[in-house]
Amino acid sequence: SLVQGDDGNLYGTTAEGGASGYGTVFKTTTAGALTTLYSFATAAGLYPTAGLARISQSKFYGAAVQGGTQNYGTLFQITTAGVLSTLHSFKGSDGAYPYAAVLPASGGTAYGTTEFGGVNYYGTVFSVASSGAVTTLHTFTSTDGAYPLGALVQTGGNYYGTTFNGGAKGYGTVFEITPAGTLTTLYSFKQTDGSY
């Protein structure tokens, strides 16, 4: 999805293409004049499938599904001028393959999910500080959900999301997590009311 900057332009990502074929960050005017701000290569990350999250007047957070030092994906920061900084390379043990956009919160902290990785390899919920330091808040166990693909939303100070699989019946869950990492499974799908 697109996000609008304070300059009125729209910013987004492509999962592939660009100079190296591994995806881009672009901006476009509302009239359709497009500028490629950044083309990804292995070190910075590969295949940024998620959109960007605005964190200031001139900066965005983003995630790349693969690439980085271990090829498990990266979190990055990019300016409206196209200057990209890799904040974190996932190692597998702290998460792998962040498909969803991160959610900015107060104080420059942001929250997100990785589809895989963590202690049990069923995915994680993480926070990233403005310094770029990443903290794994929760590692899914399958019984409380598995493979969180979607982005988080914030309500009343806590964060909410879904998992693609796992839960009591194995068909996915809706969960709540606090900023400190306490996770509550709110609902387990039964297939008759939805799955995955």
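State yes or no: is Val83 modelled with pLDDT of 95 or more and in contact with a Pro (Cβ under 9 Å, 6 or more places away or on another chain)?
no
Applying the selection to the range 145-177, what residues are within 17 Å of the chain's Cα centre (by Cα), at pLDDT 95 or above and assigned to a loop (DSSP other than H, G, I, E, B)?
Tyr147, Pro148, Leu152, Phe164
Scan the range 178-193 for residues that are surrounded by fewer than 15 Cβ atoms within 10 Å (Cβ to Cβ), outside any strand (DSSP E or B) and of a type in the set (A, V, I, L, M, F, W, C) and jot them down.
The answer is Ala180, and nothing else.
Do we have Gly8 as closer than 24 Å to Gly92 by Cα and either part of a loop (DSSP other than H, G, I, E, B) or open to solvent by less than 40 Å² (accessible area, probe 1.4 Å) (or both) here? Give the steps one after another, and end with the answer.
Numbers: closer than 24 Å to Gly92 by Cα: no; either part of a loop (DSSP other than H, G, I, E, B) or open to solvent by less than 40 Å² (accessible area, probe 1.4 Å) (or both): yes.
For Gly8, the condition - closer than 24 Å to Gly92 by Cα and either part of a loop (DSSP other than H, G, I, E, B) or open to solvent by less than 40 Å² (accessible area, probe 1.4 Å) (or both) - is not met.
What's the number of the only condition in (1) open to solvent by less than 30 Å² (accessible area, probe 1.4 Å); (2) without any contact (Cβ under 8 Å) to a residue 60 or more places away in the chain that Val128 fails to meet?
(2)
What are the residues in the range 55-76 that are within 19 Å of Ala100 (Cβ to Cβ) and open to solvent by less than 50 Å² (accessible area, probe 1.4 Å), if any?
Phe60, Tyr61, Gly62, Ala63, Ala64, Val65, Gly67, Gly68, Gly73, Thr74, Leu75, Phe76
Restricted to the range 104-125, and to residues that are more than 19 Å from Phe164 (Cα to Cα) and open to solvent by 20 Å² or more (accessible area, probe 1.4 Å), which residue is modelled with the highest pLDDT?
Pro104
Name the single residue, out of those in the range 21-45 being among the hydroxyl-bearing types (Ser, Thr, Tyr) and assigned to a loop (DSSP other than H, G, I, E, B), that is surrounded by the fewest Cβ atoms within 10 Å (Cβ to Cβ).
Among them, the one singled out is Thr30.
If Tyr61 satisfies all but one of (1) modelled with pLDDT under 95; (2) in contact with a Ser or Thr (Cβ under 6 Å, 6 or more places away or on another chain); (3) part of a strand (DSSP E or B), what's the number of the condition it fails?
So Tyr61 meets the others, but not (2).
The values are calculated or read from the model by the stated rules, or taken from the named source; none is laboratory data. Since this is a predicted model, take the numbers as computed values, not measurements. We place every Cβ from the backbone using ideal geometry, glycine too, and count neighbours over all the protein chains shown. Ligands, DNA and RNA are stripped out before the accessible areas are found, and what is left, the full protein with its side chains, is counted by its heavy atoms. Shrake-Rupley method; radii C 1.70, N 1.55, O 1.52, S 1.80 Å.
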